[in-house]
Structure formats: structure tokens, C-alpha cells
Amino acid sequence: MDLLVLFGPPAAGKMTVGRAICARTRYRLFHNHMTIEPLLGLFPFGSPPYARLTRSFREQILEECLQQGEFDLVFTYVWGLDLESDTAFVKRLADRVAAAGGTTRYAELACDLDERLARNRTAERLDHKRSKRDVAASEAGLLEWEGTVRMQSAPGELDGVLAPYVRVDNTALPADGAADAIIRSLGLPTV
């Protein structure tokens with residue numbers, strides 16, 4: 001099994017681009033809200049139990065996918081590039097994939113803030129992410145994160161640090177175009 005870590009800031013289009021990649025490849029989508037939404041009914045976002053359980057669930061799901069070995073996986077993630085715990089988490093995932101004989105690829109979506117604020121209100125996002133339906137609260141959270149966590153690299157910053165890796169600015173690029181650029185750049189096999 002191969003893993004594609006599709007990362008970027010909130011509302012950059014990770015789930016939508018991930019879907020477009022999966023429609024063209026044998027990858028399956030594991031978007032980050034698949035573990036977020038069930039926990040928010042029990043624990044506040046960012047609380048210690050929430051953080052422990054989301055990481056644990058994600059690692060357990062990856063482990064089960066590795067054991068099945070029948071498909072590749074797109075995992076979407078808001079990676080705080082300046083947070084040691086986030087980097088350690090991604091490294092644990094990549095190490096586990098490598099130990100199972102797979103490869104981890106990295107695709108970063110870069111998108112400007114105004115476009116992300118507009119995308120934060122799209123029907124697809126609100127349909128699949130219950131916690132984003134209070135748009136005012138969601139927007140406030142997005143803006144708070146923007147001021148406290150570095151979620152986008154500078155152009156060229158991660159070249160050679162992550163491999164294989166591609167950075168796609170999808171501010172003005174539709175999901176299909178971003179998916180095609182990622183597939184092409186990373187050499188993902190299409191179906």
C-alpha cells in the first residue's frame with residue numbers, strides 16, 4: 001500500500017482534490033474529518049482527549065489499510081509545519097508505510113486566504129463536515145489558525161525535504177486540474 005499525504009490549510013480543497021485523485025487512481029480517500037466529526041460530539045476541538053483519539057484512530061485506520069494491502073490511500077491533513085507533534089505524526093505514518101514495503105508521497109495544496117474563506121462556505125464542505133455548518137464559527141477558527149499555525153510552506157522550502165513531493169497552488173485551479181497536476185508530478189498510476 002502506498003500513502004499520499006495531501007496537506008494544506010483549512011478549506012484549501014484537500015477533500016475535493018482527494019476525491020478527484022481517487023476517481024482517477026486506485027487510491028481511496030481518508031479525509032481528516034472522518035475522524036474529527038464523531039469526536040466533536042464528545043470532546044472540544046483540540047482538547048487532550050480529542051487530540052489523543054484523532055491521532056490514535058488515524059494510526060489504527062492506516063494500520064488496518066496496510067494489513068489489507070488491496071488499495072492505496074489518500075490521507076488529508078492540516079499539517080502545522082511549525083508544530084513538532086504534527087511533523088512527528090506524519091513521520092510515524094510514513095515510517096509505518098515504509099516498514100510495510102510501501103511509499104509515502106506528499107502533495108501540498110497552497111491556496112490564498114480569500115479563496116479559502118470563500119471555499120469554507122461551499123455546499124460540498126458543509127455537507128461533508130458537520131462542524132463547519134456554523135459558518136461564522138468555522139470562519140473564526142480558520143482565521144485564528146491562520147494567525148497562530150504555519151500551514152503552508154514557502155515555494156521550494158520542502159523540495160528535497162519530503163520526497164516524493166509536489167506543491168500545487170490551487171487558488172485559481174479547479175480540483176480536477178490540481179488532481180491532474182499531482183498525479184502527473186508524483187507519477188501516480190491511473191485506472
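The values are calculated or read from the model by the stated rules, or taken from the named source; none is laboratory data. As the structure is a prediction and not an experimental result, all values here were calculated from the model. Cβ: placed from backbone, ideal geometry, glycine included. Neighbour counts: every protein chain shown.
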For this session: Among the numbered conditions (1) within 25 Å of Arg26 (Cα to Cα); (2) touching a residue at least 60 places away in the same chain (Cβ under 8 Å); (3) more than 17 Å from the chain's Cα centre (by Cα), tell me where Glu63 comes up short.
Result: (2)
For this session: Could you tell me whether any residue of the range 34-53 is crowded, with 20+ Cβ neighbours inside 10 Å and not hydrophobic (A, V, I, L, M, F, W, C)?
Result: no
For this session: Among what's in the range 1-11 and is in a loop (DSSP other than H, G, I, E, B) and out of contact with any helix residue (DSSP H, G or I) (no Cβ under 6 Å at 6 or more places or on another chain), pick the residue that is surrounded by the fewest Cβ atoms within 10 Å (Cβ to Cβ).
Result: Asp2
For this session: Run down Ala94, Ala20 and say which single residue is in contact (Cβ under 8 Å) with a residue 24 or more places away in the chain, farther than 26 Å from Leu142 by Cβ and either assigned to a loop (DSSP other than H, G, I, E, B) or aliphatic (A, V, I, L, M) (or both).
Result: Ala94
Seminar exercise, completed: Picked from the range 75-91 (must be touching a residue at least 40 places away in the same chain (Cβ under 8 Å) and hydroxyl-bearing (Ser, Thr, Tyr)), the residue farthest from Leu3 (Cα to Cα) is Tyr77
Seminar exercise, completed: When the range 13-29 is checked residue by residue, the ones that are of a type in the set (A, V, I, L, M, F, W, C) and at pLDDT 95 or above are Val17, Ala20, Ile21, Cys22, Ala23, Leu29
Seminar exercise, completed: Scanning the range 97-106 residue by residue, the ones that are among the β-branched types (Val, Ile, Thr) and either loosely packed, with under 12 Cβ neighbours inside 10 Å or not in a loop (DSSP other than H, G, I, E, B) (or both) total 2
Problem set entry | Filter result (closer than 16 Å to Leu6 by Cα and either in a loop (DSSP other than H, G, I, E, B) or touching a Pro at 6+ places or on another chain (Cβ under 6 Å) (or both)) within the range 160-172 | Val161, Ala163, Pro164, Asn170, Thr171
Seminar exercise, completed: Selection from the range 61-86 of residues at pLDDT below 95 and polar (S, T, N, Q) yields Gln67, Gln68, Ser85
Problem set entry | Index of the failed condition, Leu39 passing every other in (1) assigned to a helix (DSSP H, G or I); (2) out of contact with any helix residue (DSSP H, G or I) (no Cβ under 6 Å at 6 or more places or on another chain) | (2)
Problem set entry | Candidates Ala136, Ala172, filtered to the one that is at pLDDT below 95, loosely packed, with under 13 Cβ neighbours inside 10 Å and not basic (Lys, Arg) | Ala136
Seminar exercise, completed: Filter the range 42-60 for residues that are assigned to a loop (DSSP other than H, G, I, E, B) and on the phi < 0 side of the Ramachandran plot; the one that is nearest to the chain's Cα centre (by Cα) is Phe45
Exercise. For residues in the range 142-159 being part of a loop (DSSP other than H, G, I, E, B) and hydrophobic (A, V, I, L, M, F, W, C), which is surrounded by the most Cβ atoms within 10 Å (Cβ to Cβ)?
Worked result: Met151
